[in-house]
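Each remark here refers to the structure printed beneath this line.
The values are calculated or read from the model by the stated rules, or taken from the named source; none is laboratory data. Worth saying up front: this structure is predicted, and the values here are computed from it rather than measured. Reconstructed Cβ throughout: ideal geometry from the backbone, glycine too, with neighbour counts over all protein chains shown. Remember, those area values only see protein heavy atoms, side chains included, never the ligands or the DNA or RNA. Shrake-Rupley method; radii C 1.70, N 1.55, O 1.52, S 1.80 Å.
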Amino acid sequence: MTEDVLFELEQGVAVITLNRPGDHNTLSPGMIEGLGTAYRRCDTDDAIGAVVVTGVGSSFCAGADMSGGGETFDGNAVSGEVASCPLSMQAFEVRKPVIAACNGHAVGVGLGIAMQADIRVFAEEGKYGFLQSRRGVVTDFAMEYLLPRMIGVEKALELLMRGQRLSGREALDWGLAGRCVPADRVLDTALEIASDMVANAAPLAMGMHKRLLWQGLDMSYGAVAAKENCCLHYSMSRADAVEGGMAYIERRTPNWSGRLGSDWPEWIDD
């Protein structure tokens, strides 16, 4: 990791922390590099069953670093080519569940990072929105693709074009998150979800579900059903299918043996 991104692993849950508290965790080159590196590790490390992304201090990520003033988004002043999705791996590509624990404000690119996750927990005290239109630029992190599929076209258009800020409760009502709790409970809530997944859900089945769901955004019903059928039969041929039933009958926590590193079916990515 870099100093802008912290990484911890405990009992199968990786916690990735955006670490620029003095700048409200605004996006930096180190954060881009560190977050992408962390996602790649989470994808391949079988010791990791679930991922939580959060921020230090009172903000999750307050967007772009505006300290450059008028040059922040000036294409003539910014050196190099700007990438809309700058991370080396996106959250939705990670084969583990990724939970965004938005402990505070998540605006602009910060909300984009959260929306690429699979599950979001927002703070009641936080402010959330895509403010890029109010800064004269277009949003990033593929929000024009993701938002309409998540919350509908009308809401996506208003959020992106108007660029208003929403409270945590308003963001919940708009469908941007599945949960909204007081700020001091955000991380604990996300960790409870992640720990439950690690303890009770089969890693291989979770990974296949995630890949099918994200792939399905671009597939027909028939194509999704056909691939789902292949995944179902593949999962039923693995030892975890027996273990899941036995753990239920014996009223115990399952001992999953399937691993993404060794058991992932390559054809699912075709």
* Structure fact -> Apart from one, (1) modelled with pLDDT of 95 or more; (2) out of contact with any helix residue (DSSP H, G or I) (no Cβ under 8 Å at 6 or more places or on another chain) all hold for PHE7; the odd one out is (2)
* Complete set of residues in region 173-182 that are farther than 18 Å from GLY152 by Cα and open to solvent by 90 Å² or more (accessible area, probe 1.4 Å) -> ARG179
* Asked: Which number in (1) open to solvent by 10 Å² or more (accessible area, probe 1.4 Å); (2) among the β-branched types (Val, Ile, Thr); (3) in contact with a Leu (Cβ under 9 Å, 6 or more places away or on another chain) marks the one condition that VAL109 misses?
  -> (1)
* Filter result for GLY80 (assigned to a helix (DSSP H, G or I), out of contact with any Ser or Thr (no Cβ under 9 Å at 6 or more places or on another chain) and modelled with pLDDT under 95) -> no
* Asked: Is it fair to say LEU6 is open to solvent by less than 70 Å² (accessible area, probe 1.4 Å), of a type in the set (A, V, I, L, M, F, W, C) and either touching a strand residue (DSSP E or B) at 6+ places or on another chain (Cβ under 6 Å) or under 22 Å from LYS210 (Cβ atoms) (or both)?
  -> no
* Could you look through region 183-208, keep only residues that are over 29 Å from LEU159 (Cα atoms) and of a type outside the set (A, V, I, L, M, F, W, C), and pick out the one that is nearest to the chain's Cα centre (by Cα)? => GLY207
* Breaking point among (1) assigned to a helix (DSSP H, G or I); (2) in contact with a Phe, Trp or Tyr (Cβ under 6 Å, 6 or more places away or on another chain); (3) closer than 21 Å to THR54 by Cβ, for MET89 -> (1)
* If you go through region 183-210 one residue at a time, how many are open to solvent by less than 40 Å² (accessible area, probe 1.4 Å), within 25 Å of LEU111 (Cβ to Cβ) and of a type outside the set (A, V, I, L, M)? -> 2
* Could you please find all residues in region 162-172 being in a helix (DSSP H, G or I) and open to solvent by less than 40 Å² (accessible area, probe 1.4 Å)? => GLY168, ALA171
* Asked: If you go through region 145-161 one residue at a time, do you hit one that is open to solvent by 40 Å² or more (accessible area, probe 1.4 Å), at pLDDT below 95, in a helix (DSSP H, G or I) and basic (Lys, Arg)?
  -> no
* To do: Give region 132-141 a look and list any residue that's touching a Gly at 6+ places or on another chain (Cβ under 8 Å) and either crowded, with 19+ Cβ neighbours inside 10 Å or not in a helix (DSSP H, G or I) (or both), or say none.
  => GLN132, THR139, ASP140, PHE141
* List, please: which pairs have Cβ atoms under 6 Å, are six or more places apart or on different chains, and start with a residue in region 242-270 that is open to solvent by 70 Å² or more (accessible area, probe 1.4 Å) and end with one that is small (Gly, Ala, Ser) and outside any helix (DSSP H, G or I)? -> none
* Tell me, yes or no, whether region 220-231 has at least one residue that is under 23 Å from ILE48 (Cα atoms) and either at pLDDT 95 or above or not hydroxyl-bearing (Ser, Thr, Tyr) (or both). => yes
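Scan region 216-226 and give yes if some residue there is over 30 Å from ASN103 (Cβ atoms) and in contact (Cβ under 8 Å) with a residue 24 or more places away in the chain, otherwise no.
Within region 216-226 (the criterion being over 30 Å from ASN103 (Cβ atoms) and in contact (Cβ under 8 Å) with a residue 24 or more places away in the chain), the answer is no, since none of the residues qualifies.
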* Qualifying positions in region 9-27 - under 23 Å from GLY126 (Cα atoms), open to solvent by 10 Å² or more (accessible area, probe 1.4 Å) and in a loop (DSSP other than H, G, I, E, B) -> ASN19, ARG20, HIS24, THR26
